[in-house]
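Undergrad: This is the structure, below, for whatever I ask next.
Coordinate-derived values only; no laboratory data. Keep in mind it's a predicted model, so treat the numbers as computed, not measured. Neighbour counts are summed over all protein chains in view; Cβ atoms, including those assigned to glycine, are modelled from backbone coordinates with ideal geometry.
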Amino acid sequence: MIEDRLLFADTLVEPDEEWNGVAAEGAADPNTLYLELDGWEGPLDLLLDLARRQKVDLREISILSLVEQYLDYIEQVEALKLELAADYLVMAAWLTFLKSAMLLPKEEQDDPSPEELALKLQLRLQRLGAMRDAAARVMGGNRIGRDVFLRGSPEGLEIERKTNWRCDQFALIEAYGRVKARTAPAIHMVRERPVMTLESALERVSNMLGVTLQWMEIREFLPAHAEPRLRKSALASSFVAALELARLGKVELQQDDTFGSLQLRRRTAHG
Amino acid sequence: MDDLERAVEAALFAAEEPMSARALADFLGGPAIEQVNHTLDLLAENYRNRGIHLVERARRWHFETAPDLAHLLRREKEQVRRLSRAATEVLAIIAYHEPVSRAEIESIRGVQTSGGTLDVLMEAGWVKIAGRREVPGRPTIYATTPEFLDHFGLASRRDLPGIAELRATGLLDPVDDAYDELMRDDADEETHRGTQDVDKETDDA
Amino acid sequence: MDDLERAVEAALFAAEEPMSARALADFLGGPAIEQVNHTLDLLAENYRNRGIHLVERARRWHFETAPDLAHLLRREKEQVRRLSRAATEVLAIIAYHEPVSRAEIESIRGVQTSGGTLDVLMEAGWVKIAGRREVPGRPTIYATTPEFLDHFGLASRRDLPGIAELRATGLLDPVDDAYDELMRDDADEETHRGTQDVDKETDDA
């Protein structure tokens with residue numbers, strides 16, 4: 001709507017002044033010139049204040065007289081060569097238009113009618129006025145830190161989070177088993193197997209050689225019906241025994257060629 | 001004085017923040033919320049004439065000093081933030097109209113609202129962003145917080161001074177709606193020569 | 001309740017520090033100190049059976065919550081949690097080898113043990129510091145507590161199954177598996193290659 005744009009679109013960015021009282025109180029004498037431009041944020045503010053100074057219900061105010069006051073006010077301020085924000089002048093221009101429209105015969109008016117514009121302006125002022133009052137009343141309530149005070153040094157409520165740990169015997173023992181299993185030094189277990197020890201081989205070879213002076217092949221010293229693995233062990237032990245007996249001078253060894261058959265014979269004592 | 005009453009009294013006394021009946025019941029680990037509510041009422045009654053009051057704000061309870069003792073307790077340096085007139089008005093508009101967009105605030109005030117004003121209110125913890133209005137542009141909408149009610153001594157938004165009357169008289173409705181309403185009433189009056197007022201639906205935001 | 005009583009009550013409530021009768025009289029700007037003292041006695045009596053007490057300490061007064069409600073105001077929220085695998089292992093090692101140092105635990109576990117694990121076990125009340133080992137560095141040594149035996153349903157540490165039993169119950173199975181594996185490899189080697197084996201002494205560790 002045109003009038004809305006005119007009135008309210010190009011408004012001032014408000015000054016952020018300190019303000020604690022109720023909405024601007026009207027001075028007792030309506031003729032006193034207000035120069036507290038800082039106190040107003042925009043045309044609507046000023047209009048509302050002027051309306052309040054009429055000391056009438058906002059629903060009863062005459063927009064026409066309000067407009068006249070506003071224009072007078074702007075004129076006076078201008079006369080005092082005060083810097084005036086453009087918005088106040090835009091508003092003044094719009095109100096001048098509204099005033100003339102209201103004074104002119106109705107049939108010559110465009111839509112929207114000046115009555116509608118005036119009524120809407122009035123409604124708007126009512127709403128702003130209501131919020132101004134409400135703000136003052138809210139601020140007048142019992143504010144914490146001004147009217148009522150909280151406990152100076154509350155102890156505070158503490159919630160200690162405590163953990164109740166759970167575990168059971170099985171888990172414990174299992175854990176130990178796990179550790180042991182994981183870290184036990186590697187034990188290499190070798191199955192017991194049939195062996196002929198060096199001692200028994202020595203004894204066996206000595207005994208067998210004791211009963212003959214003939215050369216004997218080393219295999220003849222092995223147990224006749226031994227299983228292969230025992231045979232293998234017996235062969236190794238008997239070989240070592242043969243060497244040992246030779247070292248001791250009890251046995252002669254003879255082998256014709258490499259990997260040839262190894263012959264043993266009791267050595268007869270001669271020196 | 002029973003055990004629950006003593007416990008609720010002590011818990012609220014020691015608490016650093018206001019507590020709801022629910023939070024109290026949880027904290028005290030057991031009592032039914034109805035019992036806690038009943039106990040709170042008893043306690044509040046008990047403290048009514050004392051130097052300390054037990055009050056409910058936005059469904060949360062706290063102890064505070066009696067307002068009539070303000071003159072005794074007020075220290076030379078006031079502890080409250082002094083609000084600018086602009087901030088005060090914006091806060092009131094948000095409280096009475098919430099949730100409300102910045103454009104709506106501006107249309108009521110007839111003046112642009114600097115972003116700083118809303119920031120001040122949000123920093124104070126009294127105003128929060130309450131989402132976006134699902135209209136073109138999806139403007140951010142603002143609402144007050146429980147801390148706002150707390151700080152200004154209001155039990156709930158229903159306790160905002162004069163809010164019921166403002167609503168009943170349509171002063172919280174947009175200008176255009178109010179204007180249309182007026183026009184319709186006028187028309188009705190003319191047609192029927194009666195004075196049947198149409199009650200306006202007020203919505204509980 | 002008279003005005004002075006209300007004022008003293010509110011002042012002490014809002015005060016950040018305990019206040020002497022003298023300070024209160026000054027603060028409230030007027031009353032004789034005898035009056036203030038009398039009022040403090042009245043108030044203290046008034047609060048005697050409540051959740052809040054008015055107490056005098058070192059000639060200064062303040063409100064505090066009733067001592068018998070301390071358990072309510074410092075609530076312990078219990079949370080049941082299962083001991084982690086790592087912590088269970090450490091606990092088992094301590095139980096089997098106590099007293100044992102952290103280095104020893106680590107060498108048995110073959111893994112570094114975080115300090116947090118021992119803390120958890122001590123928090124649970126199952127492990128305690130049992131002194132220091134008199135070796136260079138004097139390391140702390142750990143042992144289990146009676147609560148440990150209690151929780152795990154053990155009459156004494158002797159009730160912990162020995163290694164032989166562990167093996168019998170299959171809890172050392174991984175070792176047996178390794179053994180079987182070893183034997184099978186051995187047998188294969190022999191069958192296929194027929195190499196000359198050197199006899200190895202077997203020892204039953």
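Undergrad: Compactness ratio of region C:85-160: Cα Rg over 2.2 N^0.38 Å, N = residue count?
TA: Scaled against compact globular proteins, the figure is 1.04.
Undergrad: For a quick check: with amide H placed at 1.01 Å from N, whose amide H comes under 5 Å from B:Ala130's, ignoring anything fewer than 5 positions away on the same chain?
TA: Excluding prolines and chain starts, which carry no amide H, the hits are B:Ile141, B:Tyr142, B:Ala143.
Undergrad: Same structure, new question: Scan around A:Arg146 for amide H atoms under 5 Å from its own, H built in the peptide plane at 1.01 Å from N, and keep only partners 5 or more places away or cross-chain.
TA: none
Undergrad: In deg cm²/dmol, rounded to 500, what helix-only [θ] at 222 nm does chain B give when every DSSP H run of at least 4 residues adds -39500 (n - 2.57) and the total is split over its residues? Before the final figure, lay out each step's value.
TA: Working: 10 runs with 98 residues, N = 205.
One gets -14000 deg cm²/dmol as the mean residue ellipticity at 222 nm.
Undergrad: Using a label position 7 Å from Cα in the Cα→Cβ direction, what is the ascending list of nm distances from B:Asp177 to the same site in the other copies?
TA: For B:Asp177, the other copies' label points sit at 7.5 nm, shortest first.
Undergrad: With a cut-off of at most 13 other beta carbons within 10 Å, and DSSP calling the residue loop, which GluC sites (Glu not before Pro) in region B:19-94 qualify? Please list them.
TA: Those that pass, being in a loop and sparsely packed, are B:Glu76, B:Glu78.
Undergrad: Chain B: D in µm²/s via Stokes-Einstein (Kirkwood Rh, Cα pairs, 37 °C, 0.692 mPa s)?
TA: Translational diffusion coefficient: 162 µm²/s.
Undergrad: How far is C:Pro161 from the same spot in each other copy, in nm, shortest first, if each label point sits 7 Å from Cα toward Cβ?
TA: Ordered by distance, the counterparts are at 8.1 nm.
Undergrad: For C:Thr140, go 7 angstrom from Cα along the Cα-to-Cβ vector, then report the distances to that same point in the other copies in nm, smallest first.
TA: Inter-copy label distances (nm, one decimal, shortest first): 5.2.
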